[in-house]
Amino acid sequence: MRPRVLTEVVGQTHLLGPGKPLRRLAEGAALHSALFWGPPGTGKTTLARLVAKAADVEFAQLSAVQAGVKDVREVVEAAQVRRRTTGKGTLLFLDEVHRFNKSQQDAFLPYVEDGTLVFVGATTENPAFEVNAALLSRAQVYPLRPLEPADLVPLLTTALADEERGLGARRLRAAPEALEALAVAADGDGRRSLNLLEVAASLIDDGAEISGEIAAEATAHRVRRFDKGGDAFYDQISALHKSVRGSDPDAALYWYCRMVDGGVDMSYLSRRLVRMASEEVGNADPRALTLALEAAQAYERLGSPEGELALAQAVVFLAVAAKSNAVYVAYKAAMADVKAGASHEVPNHLRNAPTRFAKQMGHGQGYQYDHDSAGGVAVGQRYFPDTLPDRQYYSPVDRGLEIKIGEALARLRARRVEARK
């Protein structure tokens with residue numbers, strides 16, 4: 001059921017609408033190297049074939065999963081002969097281009113440069129991270145989106161009716177709700193939607209109807225889109241983190257469950273929750289860090305599925321807790337000072353004096369023991385290096401416990417200013 005002409009392609013209207021760049025390319029506009037970036041089953045290979053057909057060039061296909069530099073050289077040699085003898089160009093389509101390392105990608109770069117090949121790569125990973133910068137600069141990137149159910153239902157309807165390439169010879173019918181269920185279960189993947197249709201068809205006799213019940217049986221063991229090390233993974237952890245930051249426990253719980261369902265490394269997820277407790281909640285509610293650590297420990301002891309509930313509890317608590325990134329901001333500011341400045345010496349009065357020699361060197365001399373001072377703080381004493389002016393990194397917010405922390409710090413800082421006049 002692979003589309004043979006552009007009108008059979010479903011979805012990608014942001015690229016294939018009238019006057020859009022990819023439509024112009026697929027209709028025979030000036031041929032150029034390109035990268036098709038998108039999830040599986042969104043039409044990357046199909047579009048590459050249509051582009052080659054429209055441009056009337058030879059279509060050569062390799063998969064980076066199986067091919068190596070030797071295979072690329074063979075394609076190059078054939079392209080050189082073809083160009084010399086017939087004047088016809090060659091489009092090299094490299095599927096899963098991100099599986100090639102940088103040196104392998106370099107192997108065909110000169111032939112893209114001299115026009116021997118037009119390169120079209122397909123990748124499910126972000127090209128900015130996975131594709132050689134030199135190759136990336138020579139190729140137009142076209143981001144493809146997951147197909148919507150509204151795109152997939154017509155595809156399934158066509159497959160049911162097509163006698164040559166589809167299931168038309170079996171005279172099958174399908175209830176609208178069944179097609180919708182199959183389209184939703186495909187999770188944006190056109191190839192998967194056709195596979196699910198085939199599974200559903202295998203459960204009934206010729207001339208019968210694919211009902212909602214049959215569709216449910218065919219999709220009972222579907223797997224949702226998730227890549228433990230790719231863009232989907234990082235996008236989902238980003239969504240979880242931002243939902244927690246935005247105090248939306250329902251959305252946070254959804255993204256947590258999506259990642260658990262996708263088979264995420266739970267120890268990684270535990271670590272991220274501990275990080276969120278400090279970065280997003282901080283001292284506005286210090287219980288968040290305790291709960292995140294205890295949830296991580298509970299999961300470590302119980303494993304799945306029992307331990308997943310403890311982490312879910314932490315997710316919800318982090319989302320509803322009062323928020324403060326004051327510690328996070330203060331930490332980054334202090335670290336920036338450390339990295340940008342000199343190695344300032346520890347003032348003598350703050351140095352350790354465990355030996356007589358250290359005392360003779362003046363270590364600890366003039367230090368005021370804070371507990372012996374009024375209010376438990378020696379307000380006239382400096383704790384920064386002598387060569388570094390006082391800094392104020394930490395500014396508590398007016399939420400949660402930091403309201404009281406801020407009030408106490410304001411009083412203390414005022415006393416210090418007064419004492420040092």
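Taking the condition surrounded by fewer than 21 Cβ atoms within 10 Å (Cβ to Cβ) and over 17 Å from V120 (Cβ atoms), does T45 pass? Considered against the rule, which asks whether it is surrounded by fewer than 21 Cβ atoms within 10 Å (Cβ to Cβ) and over 17 Å from V120 (Cβ atoms), T45 comes out as no. Among the residues making up the range 160-190, those that are part of a loop (DSSP other than H, G, I, E, B), acidic (D, E) and surrounded by 17 or more Cβ atoms within 10 Å (Cβ to Cβ) are D187, D189.
Taking every residue in the range 252-265 that is farther than 20 Å from A321 by Cα and in the same structural domain as A314 (by TED's automatic domain parsing) and pairing it with any residue that is basic (K, R) and surrounded by fewer than 17 Cβ atoms within 10 Å (Cβ to Cβ), at least 6 positions away or on another chain, the pairs with Cβ-Cβ distances below 9 Å are R258/R224; D261/R224; G262/R224; G262/K228; G263/K228; V264/K228; D265/K228.
Every residue, every condition in (1) out of contact with any His (no Cβ under 7 Å at 6 or more places or on another chain); (2) at pLDDT 90 or above; (3) not hydroxyl-bearing (S, T, Y), yes or no:
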site	(1), (2), (3)
G19	yes, no, yes
R24	yes, no, yes
H32	yes, no, yes
E58	yes, yes, yes
Q61	yes, yes, yes
V69	yes, no, yes
A78	yes, yes, yes
T86	yes, yes, no
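The set of residues from the range 366-385 being part of a loop (DSSP other than H, G, I, E, B) and surrounded by 12 or more Cβ atoms within 10 Å (Cβ to Cβ) comprises Y367, Q368, S373, V377, A378, V379, G380, Q381, R382, F384, P385. Here the range 111-135 is the region considered, the condition is being among the aliphatic types (A, V, I, L, M) and surrounded by fewer than 17 Cβ atoms within 10 Å (Cβ to Cβ), and the residue that is nearest to the chain's Cα centre (by Cα) is A128. Condition (residue is of a type in the set (S, T, Y) and farther than 28 Å from R399 by Cβ) applied to the range 286-306: is it met by at least one residue? Looking for residues that are of a type in the set (S, T, Y) and farther than 28 Å from R399 by Cβ, one finds at least one in the range 286-306, hence yes. I'd like the residue in the range 386-421 that is of a type in the set (D, E, K, R) and under 12 Å from S324 (Cα atoms) and, out of all such residues, is surrounded by the most Cβ atoms within 10 Å (Cβ to Cβ). Top of the filtered list is E402.
One residue stands out among those in the range 299-313 that are modelled with pLDDT of 95 or more and small (G, A, S): the one that is surrounded by the fewest Cβ atoms within 10 Å (Cβ to Cβ), which is A312.
Residue count for the range 15-31 satisfying the condition of being surrounded by 15 or more Cβ atoms within 10 Å (Cβ to Cβ) and assigned to a loop (DSSP other than H, G, I, E, B): 2. Look at A169 and say whether it is out of contact with any helix residue (DSSP H, G or I) (no Cβ under 8 Å at 6 or more places or on another chain), of a type outside the set (D, E, K, R) and modelled with pLDDT under 95. So A169 passes the test.
If I go through the range 67-87 residue by residue, how many of them are touching a helix residue (DSSP H, G or I) at 6+ places or on another chain (Cβ under 9 Å) and either closer than 18 Å to R2 by Cα or of a type in the set (S, T, N, Q) (or both)? Residues in the range 67-87 being touching a helix residue (DSSP H, G or I) at 6+ places or on another chain (Cβ under 9 Å) and either closer than 18 Å to R2 by Cα or of a type in the set (S, T, N, Q) (or both): 1 in total.
The values are calculated or read from the model by the stated rules, or taken from the named source; none is laboratory data. Remember, it's a predicted structure, so these values are computed and weren't measured experimentally. We place every Cβ from the backbone using ideal geometry, glycine too, and count neighbours over all the protein chains shown.
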